[in-house]
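Only one structure is covered here, and it is reproduced in the block below.
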Amino acid sequence: MSGPSEETRTWESEREKIIGLGERSLRKTYYPELQQKLDELERFRALIDQSNDCIFLLHVQSSRFIDVNESACRELSLTRQELLNTRLDQIFPDEAVSRSMESLANGLEQGWERDTITTSIRRKSGEELPVEMTIRVVTFQKELYGVAVVRDITERRRAEKVLLENSRMLRDMELAKQIQLSLLPTAPPEIPGVTLAGYCLPATHVGGDYYHFSQRDHLVDLAVADVSGHSIGAALMTAEARAVLRAQLATGSSAGQVLTAMNDILNEDLGRSELFITIFCASFNTKCRTLTYANAGHSPPLLYRQRGNACHWLDADGMILGIRENVIFEERQLQMESGDLLLLYTDGITEADDGSGQLFGNERLCKIMRSCHKESPQTIIDSILLKVAAFSGTIPLEDDVTMVVMKVE
Amino acid sequence: MAVNEFPLRKFVAPEFIFGMDARTLAGRYAKNFGGRKVLVVTDPGVRTAGWSSQVTASLEESGIDHVTFYGVTSNPKAEEVAAGAALYRREGCNAIVAVGGGSPMDCAKGIGIVSTNHGDIVDFEGVDRVEQSTPPLICIPTTAGSAADVSQFAIITDSVRQTKIAIISKMIVPDVALIDPVTTTSLSSDLTAQTALDALCHGIESYVSTAHSAITDLYAIQAIRAISSNLLPTLSDPGNLAFRGRLMLASLEAGLAFSNASLGLVHAMAHSLGGMNDAPHGECNALLLPHVIDFNFPAVPERYARIAEALGVATGDMAANDILAALHSRLSCLLHAAGIHRPLGNLGISRDEIPALAGKAMDDPCIFTNPRQPSREEIEAIYERAF
């Protein structure tokens with residue numbers, strides 16, 4: 001006997017299903033769907049709670065919070081329940097409350113979608129926190145709700161302030177730079193018997209370098225100074241040192257006397273501000289071509305003598321300014337000849353490094369002098385700058401750079 | 001030892017409230033089910049009778065928004081379901097109240113299915129094809145017949161294929177049926193007869209169904225008995241609420257029986273007919289019933305004997321053939337007296353269509369619980385005899 005036909009088997013299985021014994025025979029139940037929605041809600045809740053912004057759901061008519069996220073509780077140092085029982089005006093300033101409620105009340109009719117208010121929130125401790133609040137109006141089941149997203153803008157405020165201060169500072173520094181540059185000699189004086197050129201470039205806005213040249217009868221006074229550091233303090237001290245230098249030169253003092261006087265006058269200020277000055281000061285007599293000089297710890301200037309095509313370093317005993325009072329500076333004198341060059345400079349030149357720790361040094365400087373000694377002082381300065389820049393590979397240079405070149409005719 | 005007396009059976013019934021003015025509870029139930037905006041599904045006849053406006057008034061009393069969908073015809077069409085579902089979505093509804101006979105209720109079930117499961121209603125044809133729970137559905141029947149308010153069936157006409165599809169799923173058993181005999185007082189005598197005979201077929205077919213159970217038997221026999229003794233009195237005294245109530249109760253009982261035991265060849269063949277020519281469902285059933293009994297009788301003669309007794313035939317110690325003859329004659333008298341006596345040919349069917357009708361009947365899920373498995377030729381022969 002054969003088994004039941006296919007048709008009979010279909011009948012049998014369909015009948016089983018109709019009776020309700022099928023795998024999927026299930027009365028209507030919303031529980032699986034509810035469970036799924038609850039899971040979704042839980043995930044969504046995590047999303048909302050993990051937001052850095054504080055989120056409040058406000059029932060407009062009763063002006064009560066209906067829901068708040070964890071960030072809101074954390075920022076306000078309140079438990080969720082405490083926060084839900086808190087009135088709007090206990091957290092927000094009055095003007096923010098009235099503006100929000102007005103926006104929410106009129107919002108829908110006026111086609112308004114959202115409003116952003118910069119205000120503050122009050123913590124339980126009374127501390128005020130600057131915030132930006134964005135409010136949107138939404139309708140659930142015919143009831144109006146406001147969704148307020150509140151963002152702590154303390155950090156933003158701080159950053160804005162810093163940015164503002166920086167730009168203000170930058171402006172001030174630029175101004176200081178202009179003032180400082182204006183304190184330098186505008187152009188070399190035209191003096192029979194010598195040609196002069198000067199150059200000074202602070203590495204940052206203001207620097208501690210300074211140079212000077214001026215004429216007293218047949219004397220040409222020259223000086224180059226370097227106040228330690230590139231700070232505003234150094235710049236101010238430079239200005240002060242300049243004034244003292246000029247005043248001392250005006251008294252007719254010799255180079256050594258000028259340095260002694262400067263040290264006595266500036267010592268206290270330098271000590272207080274923990275700054276030092278190195279300065280080289282010289283007077284050249286255009287009649288007899290004698291150079292009288294004294295040095296307060298400054299890099300020894302380079303004397304190029306055409307005769308012999310050689311470099312000499314002019315040193316003289318003397319302590320840097322600002323160490324102690326009553327310092328006597330050795331004063332030396334030498335004879336110069338036509339074609340000789342005197343180069344005063346700051347350590348920005350000789351201590352420029354090539355990135356591998358090697359310094360520009362005296363030898364390179366001397367080489368330039370030997371090859372360029374026929375050129376004008378300005379051309380010599382330009383050549384030195386070019387070589388130094390090529391050597392260090394950095395423009396601008398890392399240190400203040402100052403040079404004075406005097407050529408004896 | 002196998003105990004054949006207790007095969008596995010399931011019984012599913014919705015909560016139902018039966019009694020005078022049950023319809024007025026619509027608002028309360030809609031509210032308790034979480035209804036916010038209700039789609040009321042009804043048809044123009046019910047609207048004219050005023051039942052749908054009474055239901056919407058009840059919704060308003062409970063503060064529930066509503067929108068009404070009237071676009072339902074008898075033998076509801078797939079496109080009507082789609083239109084209703086579109087309205088449901090557009091209006092943001094979340095619950096459905098059906099007010100009417102089998103057509104609005106089946107359409108409402110279809111709208112519920114499409115609104116949560118998406119797609120086209122014809123995609124859900126068959127058994128247990130509905131995956132997602134449908135929105136809360138409250139049914140307020142206004143006929144004593146279809147019992148769609150308690151059943152797991154929805155019959156929708158696919159106009160493209162000109163066929164009725166059966167959707168059978170416990171998911172579409174309504175959440176509550178508010179069964180109010182008062183609503184049947186507006187029925188014409190034709191509709192009263194057609195719907196009551198539909199209920200009678202439900203009782204008879206579920207009683208002989210191969211999926212019947214002790215519980216469905218109780219309801220089926222009681223329904224047959226009540227319809228047999230109350231149909232003609234109701235037709236002669238249509239305003240009598242006692243008669244109306246008894247028919248309504250019988251319809252409920254028949255519904256509880258057939259929803260769980262399912263039906264048989266009469267409904268399979270009637271669905272085929274209704275799909276082709278939009279003929280009244282109750283009338284199709286009634287016209288086919290005696291001929292199907294002739295075919296089925298040999299399979300379960302004892303059960304037909306109980307049916308004959310419930311119809312008032314004193315079977316005593318009658319031979320099986322005599323019982324069949326007596327049953328046949330009793331039914332013919334009842335149908336005739338109820339005004340259902342046109343032959344099938346008068347319903348706008350031609351004999352040429354019989355093979356196609358038989359083919360569709362073979363595919364109808366109601367056939368699977370028929371006590372005797374017919375061949376296609378046997379179904380064609382039954383249609384022939386009904387002509």
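The values are calculated or read from the model by the stated rules, or taken from the named source; none is laboratory data. None of the values given here were measured: they were computed from a predicted structure. Every residue, glycine among them, receives a Cβ derived from its backbone with ideal geometry; neighbour counts consider all protein chains shown.
Taking the numbered list (1) in a helix (DSSP H, G or I); (2) over 30 Å from A:E6 (Cα atoms) in turn, B:I379 passes all entries but (2). One residue stands out in the stretch B:216-237 among those that are surrounded by fewer than 16 Cβ atoms within 10 Å (Cβ to Cβ) and of a type outside the set (S, T, N, Q): the one that is farthest from B:G339 (Cα to Cα), namely B:L218.
Selection of the stretch A:354-368 for residues being farther than 18 Å from A:I381 by Cβ and in contact (Cβ under 8 Å) with a residue 40 or more places away in the chain yields an empty set.
The set of residues in the stretch A:36-75 that are in a loop (DSSP other than H, G, I, E, B), surrounded by fewer than 17 Cβ atoms within 10 Å (Cβ to Cβ) and in contact (Cβ under 8 Å) with a residue 24 or more places away in the chain comprises A:N52, A:Q61, A:S63.
Yes/no per residue for (1) hydrophobic (A, V, I, L, M, F, W, C); (2) in contact (Cβ under 8 Å) with a residue 60 or more places away in the chain; (3) touching a strand residue (DSSP E or B) at 6+ places or on another chain (Cβ under 9 Å):
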| position | (1), (2), (3) |
| --- | --- |
| B:V97 | yes, yes, yes |
| B:H118 | no, no, no |
| B:G126 | no, yes, yes |
| B:S133 | no, no, no |
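For the stretch B:140-168, the set of residues classified as among the hydroxyl-bearing types (S, T, Y), in a loop (DSSP other than H, G, I, E, B) and touching a strand residue (DSSP E or B) at 6+ places or on another chain (Cβ under 7 Å) consists of B:T142, B:S159, listed by residue number.
Of the residues that sit in the stretch A:360-374 and are more than 41 Å from the chain's Cα centre (by Cα) and more than 9 Å from A:C311 (Cβ to Cβ), which one is surrounded by the most Cβ atoms within 10 Å (Cβ to Cβ)? Can you show your working first?
To start, the set of residues in the stretch A:360-374 that are more than 41 Å from the chain's Cα centre (by Cα) comprises A:370-371, A:373-374.
Applying the additional criterion that residues be more than 9 Å from A:C311 (Cβ to Cβ) yields A:371, A:373-374.
Working: A:S371: 12, A:H373: 17, A:K374: 11.
Among those residues, the one meeting the criterion is A:H373.
Scanning the stretch A:11-35 for residues that are at the interface with chain B (Cβ under 7 Å from one of its Cβ atoms), crowded, with 16+ Cβ neighbours inside 10 Å and assigned to a helix (DSSP H, G or I) turns up A:W11, A:E14, A:R15, A:K17, A:I18, A:I19.
Filtered by the rule that a residue be in contact with a Gly (Cβ under 8 Å, 6 or more places away or on another chain) and either more than 14 Å from every other protein chain (Cβ to nearest Cβ) or among the β-branched types (V, I, T) (or both), the stretch B:166-185 gives B:I167, B:I168, B:I172, B:I179, B:D180, B:P181, B:T185. Can you tell me which residue is nearest to the other protein chains (Cβ to nearest Cβ) among those in the stretch B:1-45 that are touching a Phe, Trp or Tyr at 6+ places or on another chain (Cβ under 9 Å) and either crowded, with 19+ Cβ neighbours inside 10 Å or assigned to a loop (DSSP other than H, G, I, E, B) (or both)? My answer is B:G35.
Scanning the stretch A:299-317 for any residue that is among the basic types (K, R) and either part of a helix (DSSP H, G or I) or under 39 Å from the mean Cα position of the chain (by Cα) (or both) turns up nothing.
Based on this model, can you work out whether B:T134 counts as touching a Leu at 6+ places or on another chain (Cβ under 7 Å), closer than 29 Å to B:F368 by Cβ and among the polar types (S, T, N, Q)? Steps first, answer last, please.
Numbers: touching a Leu at 6+ places or on another chain (Cβ under 7 Å): no; closer than 29 Å to B:F368 by Cβ: yes; among the polar types (S, T, N, Q): yes.
Taking the combined requirement at face value, the residue does not satisfy it.
Considering the conditions (1) surrounded by 15 or more Cβ atoms within 10 Å (Cβ to Cβ); (2) within 14 Å of chain A (Cβ to nearest Cβ); (3) at pLDDT 95 or above, B:D364 is excluded by exactly one of them, (3).
Of the residues making up the stretch A:203-240, just one is out of contact with any strand residue (DSSP E or B) (no Cβ under 6 Å at 6 or more places or on another chain), crowded, with 24+ Cβ neighbours inside 10 Å and touching a residue at least 60 places away in the same chain (Cβ under 8 Å), namely A:G207.
State the number of residues belonging to the stretch B:46-64 that are within 14 Å of chain A (Cβ to nearest Cβ) and on the phi > 0 side of the Ramachandran plot.
Looking only at the stretch B:46-64, we keep the residues that are within 14 Å of chain A (Cβ to nearest Cβ), and these are B:63-64.
From what is left, the residues that are on the phi > 0 side of the Ramachandran plot are B:63.
Adding up the residues that qualify gives 1.
Given the condition at pLDDT 95 or above and surrounded by fewer than 24 Cβ atoms within 10 Å (Cβ to Cβ), answer yes or no: does some residue in the stretch B:140-155 qualify? Checking the stretch B:140-155: not a single residue is at pLDDT 95 or above and surrounded by fewer than 24 Cβ atoms within 10 Å (Cβ to Cβ). Scanning the stretch B:68-95 for residues that are assigned to a helix (DSSP H, G or I) and touching a residue at least 12 places away in the same chain (Cβ under 8 Å) gives B:A78, B:E79, B:E80, B:V81, B:A82, B:A83, B:G84, B:A85, B:L87, B:Y88, B:R89.
Would you check if there is a residue in the stretch B:122-136 being within 14 Å of another protein chain (Cβ to nearest Cβ), in a helix (DSSP H, G or I) and among the charged types (D, E, K, R)?
Taking the stretch B:122-136 first, the residues within 14 Å of another protein chain (Cβ to nearest Cβ) are B:124-136.
If we keep only those that are in a helix (DSSP H, G or I) as well, we get B:124.
Remaining after also requiring among the charged types (D, E, K, R): none.
The answer is no, given that none of the residues of the stretch B:122-136 is within 14 Å of another protein chain (Cβ to nearest Cβ), in a helix (DSSP H, G or I) and among the charged types (D, E, K, R).
Per-residue answers, yes or no, for (1) over 24 Å from A:H59 (Cβ atoms); (2) of a type in the set (V, I, T); (3) surrounded by 11 or more Cβ atoms within 10 Å (Cβ to Cβ); (4) not assigned by TED's automatic domain parsing to the domain that holds A:R80:
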site: A:T118; (1), (2), (3), (4): yes, yes, yes, no
site: A:I135; (1), (2), (3), (4): no, yes, yes, no
site: A:Q141; (1), (2), (3), (4): no, no, no, no
site: A:V147; (1), (2), (3), (4): no, yes, yes, no
site: A:R168; (1), (2), (3), (4): yes, no, no, yes
site: A:A176; (1), (2), (3), (4): yes, no, yes, yes
site: A:I179; (1), (2), (3), (4): yes, yes, yes, yes
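If you go through the stretch B:97-104 one residue at a time, do you hit one that is buried (at least 18 other Cβ atoms within 10 Å of the Cβ) and within 14 Å of chain A (Cβ to nearest Cβ)? No, that holds for no residue. Yes or no: B:D190 of a type in the set (D, E, K, R), modelled with pLDDT of 95 or more and not in a loop (DSSP other than H, G, I, E, B)? No. Checked against the criterion of being closer than 30 Å to A:I19 by Cα and without any contact (Cβ under 8 Å) to a residue 60 or more places away in the chain, the candidates B:L327, B:L357 yield just one match: B:L327.
Show the residue pairs that are 6+ apart or on different chains and have beta-carbon atoms under 7 Å apart, the first residue being within the stretch A:100-123 and among the hydroxyl-bearing types (S, T, Y), the second being at pLDDT below 80 and surrounded by fewer than 15 Cβ atoms within 10 Å (Cβ to Cβ). Pairs found: A:S103/A:W112.
For the stretch A:217-238, a residue qualifies if it is among the charged types (D, E, K, R) and closer than 20 Å to A:G252 by Cβ, and the qualifying residues are A:D217, A:D221.
The rows are residues; the columns are (1) assigned to a helix (DSSP H, G or I); (2) within 23 Å of B:V313 (Cα to Cα); (3) among the small types (G, A, S).
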residue: B:T183; (1), (2), (3): yes, no, no
residue: B:A196; (1), (2), (3): yes, yes, yes
residue: B:H202; (1), (2), (3): yes, yes, no
residue: B:A211; (1), (2), (3): no, no, yes
residue: B:L231; (1), (2), (3): yes, yes, no
residue: B:F243; (1), (2), (3): yes, yes, no
residue: B:A250; (1), (2), (3): yes, yes, yes
residue: B:V266; (1), (2), (3): yes, yes, no
residue: B:A279; (1), (2), (3): no, no, yes
